[in-house]
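Comments concern the structure below.
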Amino acid sequence: MNPFLHLNGVDKSHGATRALSGVDLAVGPDELLVILGPTGAGKTTLLRVMAGLDSADAGTVLMDGTDVTDWEPAARDVAFVFQHFALYPAWSVRRNLEFPLRAPGRMLGQREIADRVQWAAELLHIQTLLERPSERLSGGEMQRVAIGRCIVRRPRLFLLDEPLTNLDAKLRETLRVELALLRRTLAIPMVYVTHDQAEALSMADRIAVLSDGKILQVGTPEEVYNRPESPQVARQLGQPAMNVFSVCARSGHWHVGNKGVLAESTAEEGISASLGVRPEHIEPRGGGEDAAVRVVEDAGPTWVLRVDWLGQEVRLIAGKEESYRPGQRIQPRVDAGRVIVWDCEEGV
Amino acid sequence: MRGDWDRGWLRYGFIAPALVLLVAMNIFPLLYSIVLSFTNADLVGSNSSWVGVLNYKFVFKFAKYGQALRTTALFVFLAVACELLLGFGLAYALRDRFALKPLVLTVLLVPMMLPQAVMGLFWKLILNGNYGALNQFLGLLGFSQPQWITDPDLKFLSVLMVDVWMWTPFMMLISLAALQAIPPHIYEAAAIDRASPWRTFRRITLPMCAPLLGLAVLLRATDALKQFDLIMALTGPNDRVTQTLSALLYQTVFRDGKVGLGTAYSYVILVLVIALASVFLRYMGRLQRESDS
């Protein structure tokens, strides 16, 4: 695959804080890449470097093989959807949509402009809002218009900065699906920034996990979810988050310190490691160690239990056929075939 | 019920002090001055008699009044226009953060913080044709030394200049607030949308500042309309070239002692001000509606 967008060793600092360090990233010509990371990980900075709103301190940005590192945002021909909508206030939806088309050098006729606005409005289901002033729109409508303003001019690259974060849950889900459909129609490469792992997993062709300005892992949602390369990646995906234990292999079992046995192990005797177990891979019954239920959350089709087990809080998912109450004692059993092992070290 | 009755009187009891003050200080003088405007009352002496609309007839016949009206209009228009342009220009130049910004802003705001009457006296010294600081300075540089506040061709300009000096900071302050209220991501969106700097300024900056600037113009215009302190200090209330309506009013009532005629003047001014304000408010309302649709 010949990448459309290519970042090589991008560094960026805001004063004394290092926002990005040594970021390498490639986005395919017809790909939706989601950048996932917690608040402050440098996601927005990364996107702004791609757009040219921020310039990189070091490294290069290539678009379609051309070095655009020093180009202005306007020259890069990218579209940017901001978290805070960024509509031009006091203007009608139509004027907002027309604005990028009336930019100098675009030389579009009135007819072409009207056609494109109509096309975008239909695609985003905002035909009926065209004459309405932009302040009198709901959050969801505003974000649709903002997206519309980006697609009317058919940019080469689409950058979205947490576009759904300020919307309510139901709308978020609707727009998520619409965005996914939209990108199939447009066939423009997209980079989508979010802190919401559900959004990342459901929309992405590939996910890049960002933490403290560094890319931790890039892969398909399936790869990143099932084979996280580090505990940090594992903690960012999955709801509830993955359980991580410090373990040591002794006589065919993973021991958590001297607190007890977690699961069977085929590892060499004496090896110590970090061990990740997804909540859905722990059964509430059938294990050998006691645990105390602390909190029972109703997650709809299942229960989410937070239990004190082996000296730490462990999250697990239990079926609804049985009910649980805080204080109850259970014996969790880990599906030993599904655990993930990192950072193996020879024991002493 | 008794409780309600009590509470009713209690309510009036609380309002009463404010109400008494309002009536004594505002409403009574207002009504009494209407009566005065139909008499030939003097500042001293108590014998005055009813003269009917004679004072009002006199107002419109009196050439001084028309002259003062023109002077005032010209003064308000020029002062507010200069202050708006200069103030907004300064604010636009200073809108970004830089190292000495707080200091620069403080220095620029000083003129506004000082009492007008005092500043008027200071400027009278500075602008004095013979020993004023400005002319000393011009003399050092080898320029001619005009009679700033006595030359009939210059004194209006001098008063205007001092007013602009005093009140440009106010316009700058409001403009700065308006400029800084524009969210930066709007500009970023515009940059990505390939808007040229001029287009961004014309289509985004100006319209988004307009409501606040309109308010500032209204405030400044009503203030400039009442301008008295500077004129009093610089050229005096009875100067033909710089006599504004307030100066004329002062001259009539307090120097000439013609209270009846003076109050008649003030009512004509009041009607004018109300008319002007309502025109302006209507314009603002239209601007608001236009920007809404």
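Observations on the structure shown:
- Taking the stretch A:268-294 as the range and being basic (Lys, Arg) and surrounded by fewer than 17 Cβ atoms within 10 Å (Cβ to Cβ) as the test, the residues that pass are A:285, A:294.
- Counting only helices (runs of 4 or more DSSP H) that sit completely within the stretch A:74-167, those holding 3 or more residues that are farther than 29 Å from residue A:39 by Cα and small (Gly, Ala, Ser) correspond to A:110-123.
- Taken over the stretch A:235-267, residues that are closer than 15 Å to residue A:279 by Cα and modelled with pLDDT under 90 amount to 9.
- The single residue among A:309, A:254, A:303 that is over 29 Å from residue A:34 (Cα atoms) and touching a helix residue (DSSP H, G or I) at 6+ places or on another chain (Cβ under 9 Å) turns out to be A:254.
- Here A:174, A:194 are screened, and the one residue that is of a type in the set (Val, Ile, Thr) and surrounded by 22 or more Cβ atoms within 10 Å (Cβ to Cβ) is A:194.
- Test: residue in the stretch A:222-230 that is in contact with a Phe, Trp or Tyr (Cβ under 7 Å, 6 or more places away or on another chain), in the same structural domain as residue A:146 (by TED's automatic domain parsing) and buried (at least 21 other Cβ atoms within 10 Å of the Cβ): no
- Inter-residue pairs, beta-carbon under 8 Å, first within 9 Å of chain B (Cβ to nearest Cβ) and under 17 Å from residue A:74 (Cα atoms) and in the stretch A:96-119, second in a loop (DSSP other than H, G, I, E, B) and polar (S, T, N, Q), 6+ apart: A:103/B:196; A:104/B:196
- The criterion of at least 2 residues that are out of contact with any Asp or Glu (no Cβ under 6 Å at 6 or more places or on another chain), of a type in the set (A, V, I, L, M) and more than 24 Å from residue B:254 (Cβ to Cβ) is met by the following helices (runs of 4 or more DSSP H) wholly inside the stretch B:1-91: B:2-22.
- Yes/no for residue A:314 being of a type in the set (Val, Ile, Thr), surrounded by fewer than 14 Cβ atoms within 10 Å (Cβ to Cβ) and not in a loop (DSSP other than H, G, I, E, B): no
- Residue in the stretch B:190-197 that is buried (at least 18 other Cβ atoms within 10 Å of the Cβ) and either touching a strand residue (DSSP E or B) at 6+ places or on another chain (Cβ under 7 Å) or modelled with pLDDT of 90 or more (or both) present: yes
- Any hit, the stretch A:164-171, residues being within 13 Å of chain B (Cβ to nearest Cβ) and within 29 Å of residue A:68 (Cα to Cα): no
The values are calculated or read from the model by the stated rules, or taken from the named source; none is laboratory data. This is a predicted model, so every value here is computed, not measured. In this analysis, Cβ positions are derived from the backbone assuming ideal geometry, glycine residues included, and neighbour counts consider all displayed protein chains.
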